[in-house]
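Presented below is the structure to which this report refers.
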Amino acid sequence: MGQAARSGPVGVILSVDPDRFAQVVEAARRIGLTVTGEQQILGSLSGTIAEDRIPVLEAVDGVEAVDREQIVRLPPPDAPIQ
C-alpha cells in the first residue's frame, strides 16, 4: 500500500460550541465533511474530510478545535525498538 494522496480523506474529531452545534454541523457538511458521529451534549463531531480542507474546517465559526483521529499501526513483532 502506497502513501495516500495529501488530499485524501482523513478522520477528524471536532470540538464544537454546543450552543451552535446544528449550525456547525451544517457548515461543516457544506465544506466537505462526511459526518460519522455526533455527540451534541459533549460538543463533539467526528467525520472524514479531504486533508487540504482541514484549514477551512478550522475556520468555521463555532469550531473550537480540529484533531486528526490517530490511527495506531503497530510495528511487526521482529522490528527493532524505536
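Here, each number is a calculation from the coordinates, and none is a lab measurement. The shown structure was predicted, so the numbers you read here are calculated from the model rather than taken from an experiment. Cβ: placed from backbone, ideal geometry, glycine included. Neighbour counts: every protein chain shown.
Comparing mean-square fluctuations of GLY37, GLY11, GLY62 from a GNM of the chain with C-alpha springs under 10 Å, the top value falls on GLY37. Short-range pairs are left out: with C-alpha atoms under 8 Å and at least six residues apart, the relative contact order of the chain is 39 percent. Computing semi-axes √(5λ) of the Cα gyration tensor in Å directly from the structure and comparing it against [x] 39, 17, 15; [y] 18, 14, 11; [z] 29, 15, 10 singles out [z].
Taking the C-alpha atoms only, the angle from helix 21-30 to the longest principal axis of the chain is near 60 degrees. Residues of region 7-34 with an amide N closer than 11 Å to a point placed 7 Å from the Cα of VAL56 along the Cα-to-Cβ direction: 28-33.
Per DSSP H run of n ≥ 4, the term is -39500 (n - 2.57); total these for the chain, divide by its residue number, and report the mean residue ellipticity at 222 nm rounded to 500 deg cm²/dmol.
Details: 2 runs with 15 residues, N = 82.
For the chain, the value works out to -4500 deg cm²/dmol.
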